[in-house]
Amino acid sequence: MISKRTIEEVFDTARVEEVIGEFVQLKKSGSNFKGLSPFTDEKTPSFMVSPAKQIWKDFSSGKGGTAVTFLMEHEQYTYPEAIKFIANKYG
């Protein structure tokens, strides 16, 4: 079992744009990043990542959340697997 403190450290350390950037090509758009949805087949970017809020939103599929929820949706990771992926990424 992963301790609550470890989970808090993962959320404090993780940068949503860096985690998602491993799977989606993101381009800077003002203070946010945008890209093509990894969940739908689209030609116009509707996938937004907000570093300031540490969240993402896919307007074409209606999905959104944190770096952890992205890994759970995109990579089909369980919650512990997503936490471990991010913990390993940031040491």
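The values are calculated or read from the model by the stated rules, or taken from the named source; none is laboratory data. None of these values were measured; they are calculated from a predicted model. Note: ideal-geometry Cβ built from the backbone for every residue, glycine included; neighbour counts use all protein chains shown. Note: areas computed on protein heavy atoms with side chains; ligands, DNA, RNA excluded. Shrake-Rupley method; radii C 1.70, N 1.55, O 1.52, S 1.80 Å.
Tabulated data for the structure shown
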{"item": "Segment 1-45, accessible surface, carbon-and-sulfur percent (1.4 angstrom probe)", "result": "48"}
{"item": "Degrees between helix 79-90 axis and first principal axis of the chain (Cα, 0 to 90, nearest 10)", "result": "90"}
{"item": "Computed [θ] at 222 nm, deg cm²/dmol, the chain (DSSP H ≥ 4; -39,500 (n - 2.57); rounded to nearest 500)", "result": "-11000 deg cm²/dmol"}
{"item": "Probe 1.4 Å, accessible area per residue of the chain, Å²", "result": "62"}
{"item": "Cross-link pairs beyond the 22 Å C-alpha cut-off, checked among Lys34/Lys84; Lys27/Lys84; Lys4/Lys57; Lys4/Lys63; Lys27/Lys53", "result": "Lys34/Lys84; Lys27/Lys84; Lys4/Lys57; Lys4/Lys63"}
{"item": "Förster radius 35 Å - calculated FRET efficiency between Ala87 and Ser61, Cβ distance, rounded to 0.05", "result": "0.80"}
{"item": "Inter-label distance, nm, simple model (7 Å from Cα along the C-beta direction), Glu18/Asp41", "result": "3.5"}
{"item": "Convex hull of the chain built on C-alpha atoms - directionally averaged projected area, nm²", "result": "5.8"}
